[in-house]
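K.L.:
Would you mind keeping the following structure in view while I ask a few things?
The values are calculated or read from the model by the stated rules, or taken from the named source; none is laboratory data. As the structure is a computational prediction, the values presented were derived from the model and not from experiment. Neighbour counts run over all protein chains shown; Cβ positions are idealised from the backbone, glycine included.
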Amino acid sequence: MAERKKHVAVLMGGWSSERPVSLKSGEACAAALERSGYEVTRVDVDRDVSRVLQDLKPDVAFNALHGPYGEDGCIQGVLEVLGIPYTHSGVAASALAMDKAKAKAVMKAAGIPVAEHKVIHRLEAAKAHAIKPPYVAKPVREGSSFGVLIVPDDAPHPPQQLYADDWPYGDIVMVERFIPGRELTCAVMGNVALGVIEVIPEGHGFYDYDAKYAPGGSRHILPAEISPFVYQEVQKITLKAHLSLGCAGVTRADFRYDDRLHGTGELICLEVNTQPGMTETSLVPEIAAHAGHSFEELVSWMVEDASCGR
């Protein structure tokens, strides 16, 4: 008798700013799991998710949620209480990595190069430059570049969007030194650092939401055309960041590398993403494919790697 494939509940959607991306990630993963023979139930997550999962009784929860409540330890805590094995990082690592300021403090203590920054209220950040331009102002607990504002070196005042009454990204922002140069990213799969991609936004000032998710929004160079030493350094730092934050499963670390003719040569780790996108334009599936793992193999590995107590 053939062994029964696991019943997987693919958690997607939710109610964060990243809901549309999560739905795409979730559908892509659900379809790949079905092609691999798993029994799949798609769950568009709402606040009754605990009851839904208790009724479904899946063998595994595949977490395809992005943003608050999905990658900040909240849904992970629900799954721990229910005793349902799940993918990606656990409660503590998810909460830590989602808070950019706290994650940077841990990474800095581990010897990982991070950019100088200040964490202040958005209204204070709107009054006067918190640090000397150029810098980046970003919400401390958002993903997909939502709310990210680039302030050039000749800016006469801070971004006035921060004053808006309908600013949806929380009152605390990080003001971080802008690092010019290349955008690099590297993935970890099962405590192994995979390849390094250079991301070149097409028609965008930086790797923003549209550059990430719109077809043709960015060009990916894999493997990144950098020196072997820097390539290996990116891999080394990526794995170190993954482990220092206590992550599990699959993560992605983002970097800036200033290799301009008269640049500083510095390689800076910006953040670790514990719930990287899994759409057709996403980086982690591309990096995994370069390492010899098809999309079906990648998501199947994540299901078999799932556990509680991560």
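K.L.:
Checking the condition touching a Gly at 6+ places or on another chain (Cβ under 8 Å) and β-branched (Val, Ile, Thr), which residue from Ile150, Ile172 passes? Steps first, answer last, please.
P.N.:
On the way: Ile172 fails: touching a Gly at 6+ places or on another chain (Cβ under 8 Å).
After ruling out the rest, the residue left standing is Ile150.
K.L.:
Could you look through segment 170-195, keep only residues that are of a type in the set (A, V, I, L, M) and closer than 12 Å to Leu239 by Cα, and pick out the one that is surrounded by the fewest Cβ atoms within 10 Å (Cβ to Cβ)?
P.N.:
Restricting to residues being of a type in the set (A, V, I, L, M) and closer than 12 Å to Leu239 by Cα, the top hit is Val192.
K.L.:
Report, by residue number, each residue of segment 244-290 that is hydrophobic (A, V, I, L, M, F, W, C) and closer than 24 Å to Met302 by Cα.
P.N.:
In the first step, residues of segment 244-290 are kept if they are hydrophobic (A, V, I, L, M, F, W, C); the result is 245, 247-248, 250, 253, 255, 261, 267-270, 272, 278, 283-284, 287-289.
Correct list: Leu245, Cys247, Ala248, Val250, Ala253, Val272, Met278, Leu283, Val284, Ile287, Ala288, Ala289.
K.L.:
Restricted to segment 253-265, and to residues that are more than 22 Å from Leu243 (Cα to Cα) and in contact (Cβ under 8 Å) with a residue 12 or more places away in the chain, which residue is surrounded by the fewest Cβ atoms within 10 Å (Cβ to Cβ)? Reasoning before the result, please.
P.N.:
Filtering segment 253-265 down to residues more than 22 Å from Leu243 (Cα to Cα) leaves 258-265.
Within this subset, residues satisfying the condition of being in contact (Cβ under 8 Å) with a residue 12 or more places away in the chain are 258-260, 263.
Details: Asp258: 15, Asp259: 15, Arg260: 11, Gly263: 13.
Looking at the filtered set, the residue picked out is Arg260.
K.L.:
Same structure again: For Arg51, which of the numbered conditions (1) basic (Lys, Arg); (2) modelled with pLDDT under 95; (3) surrounded by fewer than 23 Cβ atoms within 10 Å (Cβ to Cβ) fails to hold?
P.N.:
Evaluating Arg51 over (1) basic (Lys, Arg); (2) modelled with pLDDT under 95; (3) surrounded by fewer than 23 Cβ atoms within 10 Å (Cβ to Cβ) leaves (2) as the failure.
K.L.:
Contact list please: Cβ distance under 6 Å, first residue in segment 273-298 and aromatic (Phe, Trp, Tyr), second residue at pLDDT 95 or above, pairs at least six apart or on different chains.
P.N.:
Short answer, once both residue conditions are applied: Phe295/Ala32; Phe295/Pro285.
K.L.:
Sort through Gly277, Gly265 and tell me the only one that's at pLDDT below 95, in contact with a Phe, Trp or Tyr (Cβ under 9 Å, 6 or more places away or on another chain) and over 27 Å from Leu79 (Cα atoms). Don't jump to the end; show me each part of the working.
P.N.:
On the way: Gly277 fails: over 27 Å from Leu79 (Cα atoms).
Only one candidate passes the filter, namely Gly265.
K.L.:
Looking only at residues in segment 266-291 that are charged (D, E, K, R) and over 17 Å from Gly67 (Cβ atoms), which one is surrounded by the most Cβ atoms within 10 Å (Cβ to Cβ)?
P.N.:
Once the filter is applied, the top-ranked residue is Glu286.
K.L.:
Are any residues in segment 70-91 outside any helix (DSSP H, G or I) and either farther than 13 Å from Ser50 by Cα or aliphatic (A, V, I, L, M) (or both), and if so, which ones?
P.N.:
Scanning segment 70-91 gives Gly70, Glu71, Asp72, Gly73, Ile84, Pro85, Tyr86, Thr87, His88, Ser89, Gly90.
K.L.:
Any idea which of (1) without any contact (Cβ under 8 Å) to a residue 60 or more places away in the chain; (2) in a helix (DSSP H, G or I); (3) not acidic (Asp, Glu) is the one Trp15 doesn't satisfy?
P.N.:
If we test Trp15 against (1) without any contact (Cβ under 8 Å) to a residue 60 or more places away in the chain; (2) in a helix (DSSP H, G or I); (3) not acidic (Asp, Glu), just (2) comes out false.
K.L.:
If I filter segment 28-37 for residues that are part of a strand (DSSP E or B) and more than 17 Å from the chain's Cα centre (by Cα), do I get at least one hit? Steps first, please.
P.N.:
Taking segment 28-37 as the starting set, the residues that turn out to be part of a strand (DSSP E or B) are none.
Scanning segment 28-37, I find no residue that is part of a strand (DSSP E or B) and more than 17 Å from the chain's Cα centre (by Cα), so the answer is no.
Yes/no per residue for (1) among the aliphatic types (A, V, I, L, M); (2) closer than 30 Å to Val234 by Cα; (3) surrounded by fewer than 20 Cβ atoms within 10 Å (Cβ to Cβ):
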site	(1), (2), (3)
Lys104	no, yes, no
Lys127	no, no, yes
Ile131	yes, yes, yes
Tyr135	no, yes, no
Pro168	no, no, yes
